[in-house]
Structure formats: C-alpha cells, structure tokens
Amino acid sequence: MKKIILLLSFAIAGLGISRAQTTISVGNGDDLIKAVADAADGDVIELSDGIHKANYDYISIVDKSITIKAAAGAHPIVYFERLNLENSTDGTTPVGLTLDGVEFSGFQVDSLTGDEDTEGDLVGEYFINLDGSLKSFTDIIVKNCTVRNVKVTTVRGDRSTYSGNGFEFDNDIIYDVRDANNNSYGPFRLKKNISFEYLHITNCTFYNIVNKIIDLEDQETPGEVIIDNCTFYNFGGANTGLYLFDFKAATSLDFEITDCIFSKLNREPDVQTGDPVEIYGFRFPEDGPDIYTKITTTAFGTDVVFDKAGVDDVANGVIWDVNSYIYPDTDPQFADAQNGDFTLPENSDLLQASAEGTIIGDPRWDPNAPNGIFSAEQTALIKIYPNPSSSNVFVQSKKVMNVQFVSTLGQTVKQIRLNKGINKIDVSGLNEGVYFIMTNKGQLINKLVVQ
C-alpha cells in the first residue's frame, strides 16, 4: 500500500490552515478495510485492477468523507459485507462517501483463483448501510459502479435519526438484490428517521430486484426524488399489496420519472398464500396533500400495470403530469435480458423517444453509442491482461468470435479473431489511449488502455 500526496488543500475549521489531500493506492493483497479506517477526511483510495477481498467484516467510514475509486484503467472488484457509515460517540462530524468505477459483489470468492461461490450463502448484506450511530451525512455518491448479489438492500437508512444532503446514483448497474429475509426491503429503504434534500438516480440499470424500488413509506417531507434515463427489468416482490414507489405519509413531494423503461414484473409467490403477488405503481396518502408527480416519455412493459393502481382514493391534491402513457404495453426487445444485456434493437423507436429525440432508458444500451460501461455479463466474455499495456496483451475468451478495437473517436483500428481460451495480441502499434472492444454485431464487451 502506498500513499501519494497531491497538491490539493482545503481550509480547516475556518482558520486558514490547510492540509494536503492524500491518495492511497491499494493493491490486491492490501487490507482495504484498514486502508479505509486509516484514511483521513478528504482522502482518496485508489484500487488496483482485480480482486479486493473484504467480505470478512464491515468497511467502516467513521467521522469523515472519503472517495473509493478505480485506478486509471483498472476494473477492481470488491467482495464485501457492507459499507458502513458511522459516527463516533460525539456524532458531530458528517460522514460522506463517493464511489467511482468499482464493482461490488456479495459473493464469497477464492482469493487465489478468483472463483466466486455462486452456490453458497451471500456475504454481502447491505451495499451502503447508515449505521445506528450515524447522526449526519453530506453526499453519498455512487457513479460508474456495478453492485450485485446483495442479500437485503442497496441503501438502508431507517435505523436511527439522520439528516444529510442526499444520494446520487449515476451510470450504475445494480442487480440481484434478493431480500433473502422477505422483509419487503428494496434498493432504497429510506422509509423513516431520515431527512435528505435529494435522491437522484440517472443513467442506471436495475434488474432482478425484489420488492419496493424506493421506500419512503413513513416520510412526511421527503427530499426531491428524480429518476432519469434508467432501465428497470424483472422487479417486484414477494409480499401482497406491494408498491414500487411508496410515499404513504408524504405531506409534500417532488417526484419525477423521465425517459425510463420499466419492463417485466417479478411476481414471486406470496410467502403465506403462494399466490402471485399484486404489484402496484404508487402509494400516496389518502388525505390528499399537495403532491407534485411528473412522469414523462417513459415506456412500460406489456405486463407492467403502472397507472395509479392502489391510489384511486387519493384526494385531488395529487397533481399528475402524466405524459408518459404514450408508451404503454411496450416490448423493448432487449438483446438478452436474461443475461443482463438490455441493448435495444438498432431500429427501435425508443432510441429517439425522448422529448429531445434521444434514447429513453439507460443510454449505455444504445447500440450506436457505446459509452464504455459494462455489465458483469459483458466483461465475463473476455478478460484482458495486463491492462493497461504498451506491447502484448493476453485475451482470455469464453468462445470463438470476431472483435474490433474501436477508438474513442469511433474509428475501428484493429480487427482480430479470438479463439476460445488465451489469445496473445500485439498492441504496440496502437496509439496511447482507451479502446473499446466490440463484437462484429456492435456489442461492447470490454476496454483496453494502451500506454
């Protein structure tokens, strides 16, 4: 583990005193939990490529704000139990967390082989947990990340009494959030005891999600909730009378969904009766507070009943701006949804369906505009090492296929045929930069950094 002092400083306690921000480089054999514990407020932890095993304990962030990010060109995978945001006994210091470019898995893993125990019990319980000791937080930002195989929920913030700025999820893929305990926990469980200014979810994909997408059931004045350009697939739950968005106690609300795709409900059997559950769209209070709800240019799958089901007795105080129902009963025709590929067909009307004539749903699934962010299923097709490289790379492929190296300018600079197994490829003739590895059908499956 090494530390790099950057020439970045900030005022402390308004006294004009400054200290250097530290970047801490964490390799595969280093103790990530200790690195986070030792980091000071404002520090950045950079993770190297490959496995970072932290599934034996909490990763605790106490009385500070830190960033955990991928090193340049790296694709780190963290095997973890939970990221735990905590305050010490005085509880005076807000806690903040930024995650950037990291994959998080709740499976156990063999540190030597990298093999995941996909048949065993999940270790990952929560992705981000606001601990009972926490009093205040700043911003919780998750961008360019993959979160998968989590036992209960993505964000839990209902244990104590907290206040904070808010939550931002951008360019993330979140899937297989199981709620193995049948608690009606969904990805965002912020149902009580928390006040925040915003929850923004943008350019994200959620699939195989059990129970409520956003649970603010007992919040009277939740912060602004905006969901923009997201794809949802196979979502729902195992409890009767389930609501995907629950604002039961809201006395005021600013809630907007724009340019999204909702496709396929996860109608698991009721845990008591065994019958398929009924899943409703929204729940609002029955006494008719001043609520503003806007849904714009959003597509709903053929089995998604996403009107005001479950809120028919809401008083006239609910303001509906429902422009989205121009796309009901839509089959997005995803390329391979069962395996996490939600690429739209090249002739899909959804590619130009927004008010600006652009794609609705997560933009990464535009077949004509790859953006370098991958699902676990895509990256599983090939592994590239070393990466970055300046000479030869080895590409381990799961099947025979033709691939192209495409520059960030969209130019194909190299075409090769991969055999199943390990392929040695000379990249010394390529200019320095990032190259997208794509199949001849245009599927983005990995990227290479040439130094």
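The values are calculated or read from the model by the stated rules, or taken from the named source; none is laboratory data. What you see is a predicted model, and the numbers here were worked out from it, not measured in a lab. Quick reminder, even Gly has a Cβ in these numbers, built from the backbone with ideal geometry, and neighbours come from all protein chains shown.
A few remarks follow.
- From the options ASP90, ASP30, ASP43, ASP38, residue that is among the acidic types (Asp, Glu), over 24 Å from the mean Cα position of the chain (by Cα) and at pLDDT 95 or above: ASP38
- Residue in the range 226-237 that is at pLDDT below 85, in the same structural domain as ILE201 (by TED's automatic domain parsing) and not aromatic (Phe, Trp, Tyr) present: yes
- Hits in the range 129-150 - residues which are in contact with an Asp or Glu (Cβ under 7 Å, 6 or more places away or on another chain), of a type outside the set (Gly, Ala, Ser) and part of a loop (DSSP other than H, G, I, E, B): ASP131, LEU134, ASN144, CYS145
- Of the candidates GLU197, GLU217, the single residue that is at pLDDT 90 or above, over 13 Å from the mean Cα position of the chain (by Cα) and assigned by TED's automatic domain parsing to the domain that holds SER105 is GLU197.
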